[in-house]
Amino acid sequence: MKISKLSGAKLGACAASALLASNVALASDTASTAMQRVIKQEQMKVMKGDSAIFSGDVKVTLLFGESENRNAGGGLVEFSPKARSAWHTHPAGQTLIVVEGEIYTGTEDGITQIAKKGEVIECPANVKHWHGAGEKQKGAHIALTGSKEGKNVIWLEKLSDAEYQKAIKSAK
């Protein structure tokens, strides 16, 4: 039997290769038990926004719900001009990613802000708010909404036309 001597550098390289190979094998084993999943468009539920919680024409596409991998759901909400949500809160907060036009969002303290395409609105848990389009331009956002104790939203009264007009005029 022939035993060759390896220098420290060669021994280190061999050990690193063996370690890398074992990590690749472990990663392969893990990957085989946890697969990515693609949710196809035909699997997504598309609906007209319920007139009990929206004013104006609103289209809602449920992109994904809660699962074993996340405690949040996501939806695309498309607002025609002047359309908006009712007042509401989120027990675990909400993040809105504006994907078209502008989205107006207001809180019960009278502050109304405008977010443009590519901007993000962060709404902390339990903050009473509304969101929707401006008077002349449609807007759309992707809503990422967490869940707490099985609830992701608490719907309240509708935002009146007078409240909406005042909010739009004061928006920054």
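The values are calculated or read from the model by the stated rules, or taken from the named source; none is laboratory data. Model, not experiment: these values are computed from the prediction. Neighbour counts are summed over all protein chains in view; Cβ atoms, including those assigned to glycine, are modelled from backbone coordinates with ideal geometry. These area figures cover heavy atoms from the full protein model, side chains too; ligands, DNA and RNA do not enter into them. Shrake-Rupley method; radii C 1.70, N 1.55, O 1.52, S 1.80 Å.
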Exercise for the section: Restricting attention to the range 39-68, report how many residues are charged (D, E, K, R) and assigned to a strand (DSSP E or B). Expected result: 3
Exercise for the section: Starting from the range 147-171, take each residue that is under 13 Å from ASN71 (Cα atoms) and in contact (Cβ under 8 Å) with a residue 12 or more places away in the chain and list its partners that are crowded, with 17+ Cβ neighbours inside 10 Å and β-branched (Val, Ile, Thr), counting only C-beta distances under 8 angstrom and pairs at least six apart or across chains. Expected result: ASN152/THR145
Handout entry: Every residue from the range 85-111 that is of a type outside the set (Phe, Trp, Tyr), part of a strand (DSSP E or B) and open to solvent by 10 Å² or more (accessible area, probe 1.4 Å)
Key = THR89, GLN94, THR95, ILE97, VAL99, GLU100, GLY101, GLU102, THR105, THR107
Practice task
Sort out which residues of the range 105-122 are farther than 12 Å from LEU144 by Cβ, under 17 Å from the mean Cα position of the chain (by Cα) and of a type outside the set (A, V, I, L, M, F, W, C), and write them in order of number.
Solution key: THR105, LYS116, LYS117, GLY118, GLU119
Completion exercise
When THR61 is run through (1) open to solvent by 50 Å² or more (accessible area, probe 1.4 Å); (2) of a type outside the set (Phe, Trp, Tyr); (3) free of Cβ contacts under 8 Å to residues at least 24 places away in the same chain, the failure sits at (1)
